[in-house]
1. In the range 16-41, how many are within 19 Å of the chain's Cα centre (by Cα), open to solvent by 50 Å² or more (accessible area, probe 1.4 Å) and modelled with pLDDT under 90?
2. Taking the condition within 16 Å of the chain's Cα centre (by Cα), surrounded by 12 or more Cβ atoms within 10 Å (Cβ to Cβ) and in contact (Cβ under 8 Å) with a residue 40 or more places away in the chain, does PHE81 pass?
3. Could you identify the single residue in LEU94, LEU89 that is of a type in the set (A, V, I, L, M, F, W, C) and either over 30 Å from PHE18 (Cα atoms) or open to solvent by less than 80 Å² (accessible area, probe 1.4 Å) (or both)?
4. With VAL55, VAL117, VAL106 as the choices, which residue is closer than 29 Å to LEU3 by Cβ, open to solvent by less than 90 Å² (accessible area, probe 1.4 Å) and in contact with a helix residue (DSSP H, G or I) (Cβ under 6 Å, 6 or more places away or on another chain)?
5. Identify all residues within the range 80-96 that are within 15 Å of PHE122 (Cα to Cα) and of a type outside the set (Gly, Ala, Ser); write none if there are none.
Amino acid sequence: MGLWPFWIGNFIFDFACFILFTIFTLCMCKALNLSHLIGNGALGATIAVFVLYGVCQQIFTYVCSFMFRDYNNAQSIFYFFNFMFGSMLPVVILVFRYIGESLTDVGLGLAWAFRFVPSFCFG
């Protein structure tokens, strides 16, 4: 098998798995009646955010995977990286933006600096 078909096949399989997760998440939003995510015309935007996040995160992970020789190290580092950039850093920046005048500019600057990371944007 050639290199291109291998990576394209992996990308399609990973994206199909992500789409299943997205469908499950949207069903849970409906079951829990999260109207701010699925009501009043927000369903299209929610679907777009999930699909775009899936594509961007996959591409980002594939590109960054070439920095590692061992897949175990890469997986561990990316779990930690996505946890920090996807859940911890958005909260810290939100606190910076609303804690006071002196940190508002720092929070805004950091938010723009981390826009290239898909998990940060999704968080």
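The values are calculated or read from the model by the stated rules, or taken from the named source; none is laboratory data. Values in this document were obtained by computation on a predicted structure and should not be read as measured data. Every residue, glycine among them, receives a Cβ derived from its backbone with ideal geometry; neighbour counts consider all protein chains shown. These accessible areas exclude ligands, DNA and RNA; they are computed on the full protein's heavy atoms, side chains included. Shrake-Rupley method; radii C 1.70, N 1.55, O 1.52, S 1.80 Å.
1. Of the residues in the range 16-41, 1 are within 19 Å of the chain's Cα centre (by Cα), open to solvent by 50 Å² or more (accessible area, probe 1.4 Å) and modelled with pLDDT under 90.
2. Numbers: within 16 Å of the chain's Cα centre (by Cα): yes; surrounded by 12 or more Cβ atoms within 10 Å (Cβ to Cβ): yes; in contact (Cβ under 8 Å) with a residue 40 or more places away in the chain: no.
Spelling it out, it is not the case that PHE81 is within 16 Å of the chain's Cα centre (by Cα), surrounded by 12 or more Cβ atoms within 10 Å (Cβ to Cβ) and in contact (Cβ under 8 Å) with a residue 40 or more places away in the chain.
3. Numbers: LEU94 fails: either over 30 Å from PHE18 (Cα atoms) or open to solvent by less than 80 Å² (accessible area, probe 1.4 Å) (or both).
The match here is LEU89.
4. Working: VAL55 fails: in contact with a helix residue (DSSP H, G or I) (Cβ under 6 Å, 6 or more places away or on another chain); VAL106 fails: closer than 29 Å to LEU3 by Cβ.
One residue alone meets the criteria, VAL117.
5. Going residue by residue through the range 80-96, those that are within 15 Å of PHE122 (Cα to Cα) are 81-94.
Scanning the range 80-96 gives PHE81, ASN82, PHE83, MET84, PHE85, MET88, LEU89, PRO90, VAL91, VAL92, ILE93, LEU94.
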